[in-house]
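Everything below concerns the one structure shown next.
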Amino acid sequence: MRKLVLPALAGVLIAGLVPAVAEAQGSETQGGEAPGAPGAHPSWLPADKTGFGTARDRASNVWFTLQGGRMSEVYYPDLSTPSVRSLDLVVTDGKSFATVDSSARSQQVRRTGADGLTYEQTITDDQRRWKVRKTYVTDPARTSVLIDVDFVSLTGRPYQVYAVADPDLTNEGSDDSARSGVANAVASDAKTAAALAAEPAFSRTSVGYAGSSDGVTQLTKSFALKDYASAAKGNVLLTGQTSADGVRSRDFTLSLGMGAKDSEALSNAKASLRRGFADAARAYDRGWKQYLRQVKDVPSSLKTKKERDLYKASVLMLAASEDKIHQGALIASPSMPWRFGNNDPEWSPSGTYHLVWPRDLYQIATGLLAAGDRDAANRSVDYMFGTQQLPDGHMPQNSHVDGTPYWTSIQLDETALPIVLAQQLGRTDAKTWQGVRKAAEFLVSYKADNGHASPYSQQERWEEQDGYSPSTIAAVIAGLVCAADLAKANGAAADAKRYLDTADAFKAKLARWTVTTNGPLSKDPYFVRLTKDGNADNGTKYNLGNSSVTMDQRAVTDAGFLELVRLGIYRADDPVIRNSIKVTDADIAFTTPTGQFWHRYTKDGYGEKADGSPWDYTFPAESRTTFGRLWPLLAGERGEYDLAAGDRGTAAKRLRDLGRVSSSGDTMPEQVWDENAPSGQTGFPAGTPTASATPLAWTHAQYLRLAWSVEAGKVIEQPRVVRCHFLGC
């Protein structure tokens, strides 16, 4: 899907604490400006999130994520804007050790109930000196994240516990300033502020620069904290000493308030503390339970409690992925994998994956539609045609939630699939038709700079190659047939005829463009990944990108041709389809202990390096430095094909396997480890999540869609008008 890179985690852990003993060891109040400006280079945390939450209420336009035993990125004021990197705890005895809680190996995370997005992390110190339980919600009435903490000493000795927050405000962490108050600390930039407060109140607070004077750095080096009153500009952190010692006092609540200004952020943090965690948590859970009552119940195709819980989590996470200011804008993932989290000049402020891809939005909307949230699907159509669509009719490759394009390559499937969704929702109104007509005209008339015309696309669905792609062409054909149906409903018979004629012409040429009869992978015809020149029997070569090799286009396969079946253009028993399945299974499938999954295409390079370290786009072509891993959502697509072929039993097994890849917090990844464990290391079992974008909304949507398709015994999102046109009703 994307070309991502690793986040450089430049010493910005959020944790800090100082013991009472430390008072006697030089931790007296210092005041004044913190040293070490501007601090270490800011970066985001890894993308393998184990939790994602927000209140259902639109008044609470703040979202949290969890990763590696801590709270990771917090998004505010919208889902395209990460504004906090992390919040950790530091535990110390003030004289011999200081430990960041998220560094402990024993970590557990779970949703506290199947009907909500309340999360609990439990962490036990490696030396078994302490244990902490952290429970997360957002205040439904305002923009605050609340964390209920239970800290217990396992030795009977008292410890000191510090909370350390790392604001990277407005998606840029190098220009923040900070100040500490009597019982709180606040950071701000020109647009956004964050305030950290606690109940019982912090006994002391400090601010500092990442890697030099922040709470984590001070405490882990000296077991003591010097209190600084201000940090003028840079990568700043906020630290507060809590009331807990693990013996006499165990429980406290942290409040991270967000706002446009210091005063607003602090007011939100304090108001949430006055409300109390218990009351806020009840309202938070109530909002999601009410939402679930408005959609369908869990389908009977899901047999176990774990499967049913994951189904509800998927519905909730997709609903939570919708921005609260720009309705209908649902992001691909609240994460920044690999290099995209590095915040180097090329990727600062960060973009992917917390953007809106029209293709992903189609997948999400069809998943929510299957689950019974028709309103969300309609809002998605309104957003794509009302906010995202560009003046010439095409949809941007992706955009911020406000519709501002981010990447600008043209991918024709992203213009076609919104039309398919609009038709399936029966959107025959004049306003929608106006947008659909512009999109359809673009699909008919598009011509690339190199002279190739539609359905040739500047990029295919994996966003790395131009050419004639079976999956792209399937979407274009289906989009034009659906546009013709909407044209008829709006009295535009001439447009309808032109769209259908074009769709028929594209289908007639599809085999020449994408089916090779002399390729090296089979003696019988099969679909290739794509062709550069529109002749699938030519041995044209191209480099696959992502440090991969240069190959004959006839030797590169992927399973994108299955879209021709899903969308009702080809029959499931078509001989070329069946042979292409044999080819792809032999070339890019792998059966893990979790189930059978597929690579995106032959020798894909979009994934971690051989040693498991992050992907980067800077490695030389042909070097094979990075390796694309297995994509679970492709098992969902294959399950839909199985249903189209009449094999409901196998589709049910694919559904079971897809559900096995989730984390303990019910987040589903973009990729799982494949047949090549990194350098033979342990800890990377095949079929378990990599550090790719997680939760990936597309994976969750595919799970919902396949669950309902297995229940129905057919592909439920297949547009009937397309099937009837090509295959008969």
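The values are calculated or read from the model by the stated rules, or taken from the named source; none is laboratory data. Remember, it's a predicted structure, so these values are computed and weren't measured experimentally. Heads up, the Cβs are rebuilt from the backbone with ideal geometry, glycines too, and the neighbour counts pull from every protein chain shown.
Looking at segment 174-185, is at least one residue within 23 Å of Leu79 (Cβ to Cβ) and assigned to a loop (DSSP other than H, G, I, E, B)? I'd like the intermediate steps shown before the answer.
Taking segment 174-185 first, the residues within 23 Å of Leu79 (Cβ to Cβ) are 174-176.
Pick out the ones that are also assigned to a loop (DSSP other than H, G, I, E, B) and you get 174-175.
The answer is yes, given that some residue of segment 174-185 is within 23 Å of Leu79 (Cβ to Cβ) and assigned to a loop (DSSP other than H, G, I, E, B).
Need pairs with beta-carbon distance below 6 Å; first residue among the β-branched types (Val, Ile, Thr) and within segment 292-305, second surrounded by 12 or more Cβ atoms within 10 Å (Cβ to Cβ); sequence gap 6+ or separate chains.
Matching pairs, first to second residue: Val295/Ala371; Val295/Gly372; Val295/Asp373; Val298/Arg308; Val298/Tyr311.
Residues that are touching a Lys or Arg at 6+ places or on another chain (Cβ under 7 Å): find the strands (runs of 3 or more DSSP E) completely inside segment 493-593 holding 1 or more of those. It would help to see each step written out before you state the result.
Details: elements: 541-543, 550-552, 589-591.
Those strands (runs of 3 or more DSSP E) span 541-543, 550-552.
Looking at Gly393, is it surrounded by fewer than 24 Cβ atoms within 10 Å (Cβ to Cβ) and not aromatic (Phe, Trp, Tyr)?
Considered against the rule, which asks whether it is surrounded by fewer than 24 Cβ atoms within 10 Å (Cβ to Cβ) and not aromatic (Phe, Trp, Tyr), Gly393 comes out as yes.
Just checking, how many residues over segment 202-244 are part of a helix (DSSP H, G or I) and not β-branched (Val, Ile, Thr)? First the steps, then the outcome.
Going through segment 202-244, the residues part of a helix (DSSP H, G or I) turn out to be 215-222.
Remaining after also requiring not β-branched (Val, Ile, Thr): 215, 218-219, 221-222.
The number of residues fulfilling the criteria is 5.
Of all residues being in contact with a strand residue (DSSP E or B) (Cβ under 7 Å, 6 or more places away or on another chain) and assigned to a loop (DSSP other than H, G, I, E, B) in segment 78-102, which is surrounded by the fewest Cβ atoms within 10 Å (Cβ to Cβ)? Just the residue, please. Walk me through how you get there before you give the answer.
Pass one, segment 78-102, residues in contact with a strand residue (DSSP E or B) (Cβ under 7 Å, 6 or more places away or on another chain): 79, 81-92, 94, 98-102.
Filter again for assigned to a loop (DSSP other than H, G, I, E, B), leaving 79, 81, 94.
Numbers: Leu79: 26, Thr81: 22, Gly94: 24.
This residue is Thr81.
Which one of the conditions (1) in contact with a Phe, Trp or Tyr (Cβ under 6 Å, 6 or more places away or on another chain); (2) crowded, with 24+ Cβ neighbours inside 10 Å; (3) within 20 Å of Val298 (Cβ to Cβ) does Ile716 fail to meet, given that it meets all the rest?
(2)
Out of all the residues in segment 235-246, is one or more of a type in the set (Val, Ile, Thr) and in contact with a helix residue (DSSP H, G or I) (Cβ under 7 Å, 6 or more places away or on another chain)?
yes
If I go through segment 583-606 residue by residue, how many of them are in contact with a Ser or Thr (Cβ under 6 Å, 6 or more places away or on another chain) and of a type outside the set (A, V, I, L, M)?
Within segment 583-606, residues that are in contact with a Ser or Thr (Cβ under 6 Å, 6 or more places away or on another chain) and of a type outside the set (A, V, I, L, M) number 5.
Mind counting the residues in segment 404-424 that are touching a residue at least 40 places away in the same chain (Cβ under 8 Å) and touching a strand residue (DSSP E or B) at 6+ places or on another chain (Cβ under 8 Å)? Walk me through how you get there before you give the answer.
The first filter runs over segment 404-424 and keeps only residues touching a residue at least 40 places away in the same chain (Cβ under 8 Å), leaving 406-407, 409-424.
Narrowing the set further to residues that are touching a strand residue (DSSP E or B) at 6+ places or on another chain (Cβ under 8 Å) leaves 406, 410-413.
So the answer is 5.
Quick check on Tyr641: is it part of a loop (DSSP other than H, G, I, E, B) and within 18 Å of Arg529 (Cβ to Cβ)?
Values: part of a loop (DSSP other than H, G, I, E, B): no; within 18 Å of Arg529 (Cβ to Cβ): yes.
The answer is no for Tyr641.
Would you mind telling me which numbered condition in (1) buried (at least 18 other Cβ atoms within 10 Å of the Cβ); (2) over 23 Å from Val109 (Cβ atoms); (3) not small (Gly, Ala, Ser) Met336 fails?
It fails just one condition, (2).
Would you please name the residue that is surrounded by the fewest Cβ atoms within 10 Å (Cβ to Cβ), looking only at residues in segment 516-548 that are within 34 Å of the chain's Cα centre (by Cα) and within 25 Å of Gln596 (Cα to Cα)?
Ranking the qualifying residues of segment 516-548, first place goes to Leu544.
I want to confirm something. Restricting to segment 493-511 and keeping residues that are charged (D, E, K, R) and closer than 25 Å to Val576 by Cβ, which single residue is surrounded by the most Cβ atoms within 10 Å (Cβ to Cβ)?
Step one: filter segment 493-511 for residues charged (D, E, K, R), giving 495, 497-498, 501, 504, 507, 509.
Retained after the next criterion (residues that are closer than 25 Å to Val576 by Cβ): 501, 504, 507, 509.
Values: Asp501: 13, Asp504: 15, Lys507: 18, Lys509: 14.
Ranking the qualifying residues of segment 493-511, first place goes to Lys507.
Considering only segment 641-679, state which residues are hydroxyl-bearing (Ser, Thr, Tyr), in contact (Cβ under 8 Å) with a residue 12 or more places away in the chain and over 30 Å from Thr135 (Cα atoms). Can you show your working first?
Step one: list which residues in segment 641-679 are hydroxyl-bearing (Ser, Thr, Tyr), which gives 641, 650, 662-664, 667, 679.
Pick out the ones that are also in contact (Cβ under 8 Å) with a residue 12 or more places away in the chain and you get 641, 662-664, 667, 679.
Residues satisfying the conditions are Tyr641, Ser679.
Got at least one residue in segment 607-623 being modelled with pLDDT of 95 or more, crowded, with 17+ Cβ neighbours inside 10 Å, within 25 Å of Thr531 (Cβ to Cβ) and of a type in the set (Ser, Thr, Tyr)?
no
Taking segment 691-723 only, how many residues are over 13 Å from the mean Cα position of the chain (by Cα) and touching a residue at least 60 places away in the same chain (Cβ under 8 Å)?
In the first step, residues of segment 691-723 are kept if they are over 13 Å from the mean Cα position of the chain (by Cα); the result is 702-723.
Filter again for touching a residue at least 60 places away in the same chain (Cβ under 8 Å), leaving 702-711, 713-723.
So the answer is 21.
Only residues that are closer than 19 Å to Asn676 by Cβ, touching a helix residue (DSSP H, G or I) at 6+ places or on another chain (Cβ under 8 Å) and of a type in the set (Asp, Glu): list them for segment 549-596, please.
Asp558
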